[in-house]
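Written out below as structure tokens is the structure these notes cover.
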Amino acid sequence: MYDPISPNVNFVEQEKKIEEFWREHKIFEKSIEDRKDGTPYVFYDGPPTANGKPHIGHVLTRVIKDMIPRYRTMKGCMVPRKAGWDTHGLPVELEVEKMLGLDGKEQIEEYGLEPFIGHCKESVWKYKGMWEDFSRTVGFWADMDDPYVTYHNEFIESEWWALKQIYEKNLLYKGFKIVPYCPRCGTPLSSHEVAQGYKTVKERSAVVRFKVVGEDAYFLAWTTTPWTLPSNVALCVNPVDVYVKVKAADGFTYYMAEALLDKVLGKLATEDAPAYEILESYKGIDLEGKEYEPLFSYVKPICDKQNKKGFFITADNYVTMTDGTGIVHIAPAFGEDDAKVGRKYDLPFVQLVDGKGEMAEPTPYAGTFVKDADKLVLIDLEKAGLLFDAPKFEHEYPHCWRCNTPLIYYARESWFIKMTEVKDDLIRNNNTINWIPESIGKGRFGDWLQNVQD
Ligand SMILES: [Zn+2]
């Protein structure tokens, strides 16, 4: 026996009726109760954030997350389904920051951490009712009356418990790493976050003269971030490429890569004279160890205090012949490649920028935001006769996806989990998972595991 369906069916009404029937007769609760001797198949909802409204994308994920437990239920399993709420994270804090008219970490601390956290805890429930309605409407079954909440102490304690296990396995370490860092938010960003904020910017780069010790000659090096020059401690060449010493038409003698001569010096040519005359030629590695004078007098004392030697030529394969002069300036505090060269040659560590992204003492630009310090550095180099050129350079530069501030690459002390040490286990376990579609597990996720980072 069945009820005939009207040709003018009102689907919304029909859905509401079914939803009402389920609720009234506690069908979800019965689906568990009736199978309490069945094999457990436990579902924990990957928790949504209730301070944002549900949108059409959530319909798809809720439907998929309902389909599989429902299928297992129909196969006779006992399927408890625990709802959850994600109440942590910067999106919540940013919203409260906006509401209170605060700007940045310092103002939050002034306002008071406890009251600020209180507001965050309220704010996370803003759309809870809407989420519950929405979940019922799409037929998503979960225990909404007893959810897990990420700000509850029991949940936080379980996180600490997990971290302790990691620590006891010797997989937790305090390191020093170059991270993309937002000076306004005062926090490092994940590579996923960095990828969201690239913008094309046109900035002044610098081609700088580094005076060779004991010779009337200069190394010509190029950088796109002049603000890192006060923290320079070395220069780097490619070990196998060809470098030359030339007499240039501007009267100076330079060392640089042969492949880039015309690109850099070409404009010095006149009707009467060529741009340069080659005096000698070398392999990059032949220049290794050659010393130069620091650009700024205040840097050497910092290096001496660390008992480390700087201001000489290093060699590494990462230097390419695509841009610049073939000689790269090295500031180990501000770039992953630089840090690597710094470790290899045991270079001094000079970080003349503070956590707010401002230039630090003893530079004369203390308190100036790094990007604004670019031109001040260029002016000082120009005055000292050390600036060969400051060409405009267009490139993709990462900005904070939250607040639009240009990111800086910055050495920070941070805690890391040694994922690289468990890489083989991760890959082996991933291969046992029945991924649908298969391409996700083998491709996107598999590739990510192959290149897993601490
Ligand atoms: Zn930011």
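The values are calculated or read from the model by the stated rules, or taken from the named source; none is laboratory data. Just so you know, these numbers come straight off a predicted model, no measurement behind them. Cβ sites come from the backbone with ideal geometry, for glycine too, and all protein chains shown count toward neighbours.
Listed here are the residues, each with its yes/no results for (1) within 16 Å of the ligand (Cβ to nearest atom); (2) hydrophobic (A, V, I, L, M, F, W, C); (3) within 26 Å of Lys308 (Cα to Cα).
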{"site": "Val194", "(1), (2), (3)": "yes, yes, no"}
{"site": "Tyr198", "(1), (2), (3)": "yes, no, no"}
{"site": "Val213", "(1), (2), (3)": "no, yes, yes"}
{"site": "Val237", "(1), (2), (3)": "no, yes, yes"}
{"site": "Thr253", "(1), (2), (3)": "no, no, no"}
{"site": "Ala257", "(1), (2), (3)": "no, yes, no"}
{"site": "Leu260", "(1), (2), (3)": "no, yes, no"}
{"site": "Ala275", "(1), (2), (3)": "no, yes, no"}
task = With the condition kept exactly as written, say whether any residue in region 351-360 is part of a loop (DSSP other than H, G, I, E, B) and more than 23 Å from the chain's Cα centre (by Cα).
result = yes
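May I ask you to verify whether Lys418 is under 30 Å from Ala366 (Cα atoms), away from the ligand (no atom under 16 Å from the Cβ) and of a type in the set (Lys, Arg)? It would help to see each step written out before you state the result.
Details: under 30 Å from Ala366 (Cα atoms): no; away from the ligand (no atom under 16 Å from the Cβ): yes; of a type in the set (Lys, Arg): yes.
No.
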query = Does Val179 count as modelled with pLDDT of 85 or more, in a helix (DSSP H, G or I), surrounded by 15 or more Cβ atoms within 10 Å (Cβ to Cβ) and within 16 Å of the ligand (Cβ to nearest atom)?
reply = no
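Give Thr432, Thr420, Thr405 a once-over and let me know the one that is more than 22 Å from Arg184 (Cα to Cα) and within 24 Å of the chain's Cα centre (by Cα).
Working: Thr432 fails: within 24 Å of the chain's Cα centre (by Cα); Thr405 fails: more than 22 Å from Arg184 (Cα to Cα).
Going through Thr432, Thr420, Thr405 in turn, the sole match is Thr420.
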Every pair of residues 6+ apart whose Cβ atoms lie under 8 Å, when the first sits in region 78-100 and is under 30 Å from Cys185 (Cβ atoms) while the second is surrounded by fewer than 20 Cβ atoms within 10 Å (Cβ to Cβ) and basic (Lys, Arg) = Trp85/Lys128; Thr87/Lys121; Leu90/Arg402; Leu94/Arg402
ask   = Hey, any hits in region 319-339 for a residue that's crowded, with 17+ Cβ neighbours inside 10 Å, in contact with a Lys or Arg (Cβ under 9 Å, 6 or more places away or on another chain) and among the hydrophobic types (A, V, I, L, M, F, W, C)?
value = yes
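Applying the selection to region 182-191, what residues are out of contact with any Ser or Thr (no Cβ under 6 Å at 6 or more places or on another chain) and either modelled with pLDDT of 90 or more or away from the ligand (no atom under 15 Å from the Cβ) (or both)? Walk me through it before giving the result.
Initially, region 182-191 is screened for residues out of contact with any Ser or Thr (no Cβ under 6 Å at 6 or more places or on another chain), giving 183, 185-191.
Correct list: Ser191 only.
Mind counting the residues in region 188-207 that are of a type in the set (A, V, I, L, M, F, W, C) and over 8 Å from the mean Cα position of the chain (by Cα)?
Pass one, region 188-207, residues of a type in the set (A, V, I, L, M, F, W, C): 189, 194-195, 201, 206-207.
If we keep only those that are over 8 Å from the mean Cα position of the chain (by Cα) too, we end up with 201, 206-207.
Qualifying residue count, region 188-207: 3.
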note = Every listed condition ((1) in contact (Cβ under 8 Å) with a residue 60 or more places away in the chain; (2) loosely packed, with under 15 Cβ neighbours inside 10 Å; (3) of a type in the set (A, V, I, L, M, F, W, C)) holds for Ile379 save (1)
ask   = Just checking, how many residues over region 36-75 are surrounded by 12 or more Cβ atoms within 10 Å (Cβ to Cβ) and of a type in the set (Asp, Glu)?
value = 2
query = What's the number of the condition Gly385 fails, among (1) surrounded by 12 or more Cβ atoms within 10 Å (Cβ to Cβ); (2) at pLDDT 90 or above; (3) assigned to a loop (DSSP other than H, G, I, E, B)?
reply = (1)
request  = Scan region 257-276 and report the pairs whose first residue is in contact (Cβ under 8 Å) with a residue 12 or more places away in the chain and whose second residue is basic (Lys, Arg), with Cβ atoms within less than 7 Å and a gap of 6+ or a chain change.
outcome  = Tyr276/Lys247
